[in-house]
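Derivation of every value follows stated rules applied to the coordinates shown; laboratory data play no part. Keep in mind it's a predicted model, so treat the numbers as computed, not measured. Note: ideal-geometry Cβ built from the backbone for every residue, glycine included; neighbour counts use all protein chains shown.
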Amino acid sequence: MPKSKVCASFAEAVRDIADGSVIGFGGFAVVGVPINLYQALAEQGAKRLTCVSNTTRGGATMPGHAPTMEGLIRNDQVSRVICSFTAPTRASQRLALTEYVEKGLIEAELVPQGTLAERIRAAGAGIPAFYTPAAVGTELAEGRETREFNGRQYLLEEALPLDYAFIRAYQADEAGNLRFRRAQRNFNPLMAMAARVTVVEVEEDVLPRGAIDPDDVHLPGIYVHRIVKIPAAPEGWWPMRPAEVAALEKK
């Protein structure tokens, strides 16, 4: 029998995360964010992490108590952040990342959102680098290689492989095949394909092998290594099951 990919707890799933690891965190705003894995990593305590994500905090509808990358930053576990938003989207907001960057405690790399997605996808596809027109002529392109194609300048970007990917899915079977719900298919599949080890928090009970029709599989189990079922509240941090997501979508 193949070794089970199901972990008994979040603590077990993140136990071997080493200092200095490069970790990708899926999700976009409140959708598909691996909140329980954020909390487990904060409790595990790995240091000098490079964190890759769309942003360092959730969207405006994210409850203030919900674990995000900001918790890892304030816990002094992060040395570098690679993301699409290194500054708040509103003048009234103040990010933990901003404070730590200004103090010289964290290095932040700003990457255009589409470029970030493609750097991750390229890593999963075995493509070492690619050219993109995004950021040409801006500060992000200063001192970097550009090349002209058909009369237009393009910037060279390198792939972004991950040691670990922390993602969230709606359903999983014991083989690691995943189904995402609606916009959960944002950065989550890309990060899973780019990572050496993918850890998934799953909203529904883990199904037996073969219970998900192959035509309904959004991410094959070959990319998934560890699965944890989100426990019911209060043990689970903000489980955000479909009914709760639907309620937020109506706001």
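Can you find, among Asn150, Tyr170, Tyr223, the residue sitting farthest towards the positive end of the charge dipole of the chain, where Lys and Arg contribute +1 and Asp and Glu -1 at Cβ?
Among Asn150, Tyr170, Tyr223, the one farthest towards the positive end of the dipole of the chain is Tyr170.
Can you tell me, using C-alpha contacts under 8 Å and at least 6 residues apart, the relative contact order of the stretch 80-172 as a whole percent?
Taking the mean separation of contacting Cα pairs over the length of the stretch 80-172, I get 24 percent.
Mean separation of Cα pairs under 8 Å and 6+ residues apart, divided by the residue count of the chain: what relative contact order is that in percent?
Computed value for the chain: 21 percent relative contact order.
Starting from 0.36 nm per residue, how many nanometres of slack lie between Asp76 and Asp19 once their C-alpha separation is accounted for?
19.3 nm
Quick one: P(r) of the stretch 92-135 from all Cα-Cα pairs, 5 Å bins, percents rounded to integers, in order of increasing distance.
All Cα pairs considered, the percentages come to 5, 18, 19, 14, 15, 14, 12, 2, 0.
To the nearest 20 debye, what charge dipole does the stretch 86-212 have about its Cα centre, counting +1 at the Cβ of each Lys and Arg and -1 at the Cβ of each Asp and Glu?
Result for the stretch 86-212 is approximately 380 debye, rounded to the nearest 20.
Please tell me the relative contact order of the stretch 162-235 in percent, rounded to the nearest whole number, where contacts are Cα pairs under 8 Å and at least six residues apart.
42
Once R0 is set to 25 Å, what does the formula 1/(1 + (r/R0)^6) return for the Cβ-Cβ distance between Glu142 and Ala87, expressed as a FRET efficiency to the nearest 0.05?
So the FRET efficiency works out to roughly 0.85.
Taking Rh as the Kirkwood radius computed over C-alpha pairs, what is the Stokes-Einstein D of the chain at 37 °C in a medium of viscosity 0.692 mPa s, expressed in µm² per second?
Here the translational diffusion coefficient equals 175 µm²/s.
If you stretched the chain out fully between Ser9 and Asn150, how much longer would it get, using 0.36 nm times the residue separation minus the C-alpha to C-alpha distance?
Difference between extended and current length: 45.4 nm.
Rounded to the nearest 5, what % of the DSSP beta bridges within the chain are antiparallel ones?
Bridges in the chain are about 30 percent antiparallel.
Quick one: net charge around Met191, please, counting Lys, Arg +1 and Asp, Glu -1 for every other residue with C-beta under 12 Å from its C-beta.
Neighbour charge sum, excluding Met191 itself: +4.
Considering only C-alpha atoms, what is the centroid distance from the stretch 110-188 to the stretch 195-210, in Å?
After rounding, the separation between the Cα centres reads 23 Å.
Regarding the stretch 1-112, what's the average projected area of the Cα-atom convex hull, expressed in nm²?
Averaged projected hull area, Cα only: 8.0 nm².
Mind checking which helices in the chain clear 24 Å along their axis (Cα) and have mean Kyte-Doolittle hydropathy of 0.5 or more, DSSP H runs only?
none
Pull out the extension gain between Asp213 and Thr132, defined as 0.36 nm times the separation in residues minus the alpha carbon to alpha carbon distance; nm, one decimal.
Full extension of this stretch gives 25.5 nm more.
What is the magnitude of the charge dipole of the chain about its Cα centre, with +1 placed on the Cβ of each Lys and Arg, -1 on the Cβ of each Asp and Glu, and no other charges, expressed in debye to the nearest 20?
Here the size comes out at about 240 debye.
Sticking with the crude label model, points 7 Å out along Cα→Cβ, report the distance from Ile222 to Gln44 in nm, one decimal please.
Going by the 7 Å Cα→Cβ label model, 2.5 nm.
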